[in-house]
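Have a look at the structure below before the remarks.
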Amino acid sequence: MFSRTSVTRALAATLLLGCADASAPAPQESADMAPATIDYASAKGPLRQKLDRLRSRLAPFRRFQAAKDAGWSAEITGCMADPKLGGMGFHYGNPALIDGKVAFRDPELLLYEPQADGKMRLVAVEYIVPFDQWTSDKPPRLLGLDFKRNETFQLWGLHIWLWRHNPSGRFADWNPHVHCR
């Protein structure tokens, strides 16, 4: 089991994945996956089916309190936004899921955008794996995509924008349509 401090530090560190070197090469894609720059609505075939199953599984967590009750209760940061890149929103983590494994059904983080009425809107998920929990020489992969490295914080991470269109791409770190209000 991990201490609360180490889990909180690891989760907070993942949020800086969006600050990683923008010149890094784009992730490789498998033949059955759509390009990373295509948004959720444009996904087809096996990718669309997988994303639909994930959205369905996580649908109860569109209600913020339901997510907190189910374990995504650790507020990792306040609302994250960058004037040039867009936002990510608030990151809520489930420390029980930080286990060095990639489980498509169970992302470690849920991302919420604050709304004008004070409610929180589920916009994306993020999968993270601390380096010291990953034993392979190759990065974790999900949906045919490599996770991004964050050397500073010793983490792998991958965002998926499922409930908010992202013109930067479905797997981009930042979303220009997400704002902190």
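The values are calculated or read from the model by the stated rules, or taken from the named source; none is laboratory data. Bear in mind that the values here come from a model prediction, so they are computed numbers and not experimental data. All Cβ positions, glycine included, derive from the backbone under ideal geometry; neighbour counts span all protein chains shown.
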- Task: Tell me, yes or no, whether segment 124-143 has at least one residue that is closer than 18 Å to L58 by Cβ, of a type in the set (F, W, Y) and within 14 Å of the chain's Cα centre (by Cα).
- Result: yes
- Message: Take the residues in segment 23-73 that are among the hydroxyl-bearing types (S, T, Y) and at pLDDT 95 or above; name whichever of them is nearest to G169 (Cα to Cα).
- Response: S56
- Query: Within segment 67-95, restricting attention to residues that are loosely packed, with under 13 Cβ neighbours inside 10 Å and not basic (K, R), which residue is nearest to Q115 (Cα to Cα)?
  - Reply: G78
- Query: Quick check: is even one residue across segment 151-160 free of Cβ contacts under 8 Å to residues at least 12 places away in the same chain and more than 13 Å from the chain's Cα centre (by Cα)?
  - Reply: yes
